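Below is one structure, written out as structure tokens; comments come after it.
The values are calculated or read from the model by the stated rules, or taken from the named source; none is laboratory data. Being a predicted model, the structure only gives us computed values, none of them experimental. Backbone-built Cβ (ideal geometry, glycine too); neighbour counts: all protein chains shown.
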């Protein structure tokens, strides 16, 4: 077998991987190293906690990027529905990493509460590192917000994508959601660490270092819980959002020969959707004409970039109105 085509396929898959995750991986690795240096010179617990979070982010985004590459593999005979849920598995691994880092951060915060380390030194070094953190993570967060709006196919103007990203984050791809949640906490953690460095350097309230350290740890626990829940649901198999289901049914019913939808199931695989439906056609059609209509509807559905798999069954109109939009969740 010629190995050259295999290498080309791998390169093509890498190019299709989630670029936001790759950028976030590199950016957070740089930030983690810088924060680690700052924590070593100053003894700041908040800086240590923030460094741990950035390191966890970098490792997680590496997992997510690999998962996003594998998830782009085309369906095979052995795996006919594709590899969309692979990204959920890798995100669950990332959750384990975040949980471990969160535990270590909370433990360090508790230690600093019992044994305050004092104001420490390297004040301006810490300030510079945290400003660098805010700049890099802020840019990554804004990029993730734009990706959420793009993947949700929401039209916004100006800075409207920021509010829209919070509203539609549930419709984004798993890698994009992970980048969003982690960098949202990263920016918040950097602000908290900045406050702790300022307070401990200018006052004698050293306990704030431990409090902020523990707070950052609990924020990491929140990220782990949220991301873990989203991907657990994805692994089990989750129904498509209501607006996606409405769009699919509109496409089906827009065909002049389709009279009703007898049953429909739309499930999410990674960032794509699978449609399984039984549609009713007008009476009096020949088998050949009915097949042509079915393939015509399939082509319309598969043309949507969010839909990768369509299975349609056809029956003659039974004279009963089966499709009721308000009862979408009852269809199976």
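When you look at residue 251, is it on the phi < 0 side of the Ramachandran plot, part of a helix (DSSP H, G or I), crowded, with 19+ Cβ neighbours inside 10 Å and modelled with pLDDT of 90 or more, yes or no?
no
Being at negative phi and outside any helix (DSSP H, G or I) is the filter here, so list the residues in region 144-190 that pass it. It would help to see each step written out before you state the result.
Filtering region 144-190 for residues at negative phi gives 144-152, 154-157, 159-190.
Matches in region 144-190: 152, 154, 155, 156, 157, 159, 172, 173.
Suppose the filter is buried (at least 20 other Cβ atoms within 10 Å of the Cβ) and assigned by TED's automatic domain parsing to the domain that holds residue 105; does residue 153 pass it?
Here the answer is no, as residue 153 does not meet what is asked.
Consider residue 279 against the criteria (1) in a strand (DSSP E or B); (2) modelled with pLDDT of 90 or more; (3) closer than 18 Å to residue 80 by Cβ: it satisfies all of them except one. Which criterion is unmet?
So residue 279 meets the others, but not (3).
Taking region 176-196 on its own, how many of its residues are closer than 19 Å to residue 55 by Cβ and touching a residue at least 60 places away in the same chain (Cβ under 8 Å)?
Adding up the residues that qualify gives 12.
Being farther than 23 Å from residue 173 by Cβ, surrounded by 13 or more Cβ atoms within 10 Å (Cβ to Cβ) and modelled with pLDDT of 85 or more is true for just one of 317, 299. Which residue is that? Let's see the steps before the verdict.
Values: 299 fails: surrounded by 13 or more Cβ atoms within 10 Å (Cβ to Cβ).
Checking each option against the conditions leaves just 317.
I'd like the full set of residues that are assigned to a helix (DSSP H, G or I) and buried (at least 19 other Cβ atoms within 10 Å of the Cβ), limited to region 67-91.
67, 68, 69, 71, 86, 87, 88, 90, 91
Please indicate, with yes or no, whether at least one residue in region 209-232 is touching a residue at least 40 places away in the same chain (Cβ under 8 Å) and not in a helix (DSSP H, G or I).
No; the residues of region 209-232 include none that is touching a residue at least 40 places away in the same chain (Cβ under 8 Å) and not in a helix (DSSP H, G or I).
From the list 214, 194, pick out the single residue that is on the phi < 0 side of the Ramachandran plot, modelled with pLDDT under 85 and touching a helix residue (DSSP H, G or I) at 6+ places or on another chain (Cβ under 9 Å).
Testing whether each residue is on the phi < 0 side of the Ramachandran plot, modelled with pLDDT under 85 and touching a helix residue (DSSP H, G or I) at 6+ places or on another chain (Cβ under 9 Å) leaves just 194.
What is the one condition in (1) farther than 21 Å from residue 141 by Cα; (2) in contact with a helix residue (DSSP H, G or I) (Cβ under 7 Å, 6 or more places away or on another chain); (3) at pLDDT 80 or above that residue 103 does not satisfy?
Of the numbered conditions (1) farther than 21 Å from residue 141 by Cα; (2) in contact with a helix residue (DSSP H, G or I) (Cβ under 7 Å, 6 or more places away or on another chain); (3) at pLDDT 80 or above, the odd one out for residue 103 is (2).
Could you check, for region 37-46, whether at least one of its residues is within 18 Å of the chain's Cα centre (by Cα) and modelled with pLDDT of 80 or more?
No, the conditions are met nowhere in region 37-46.
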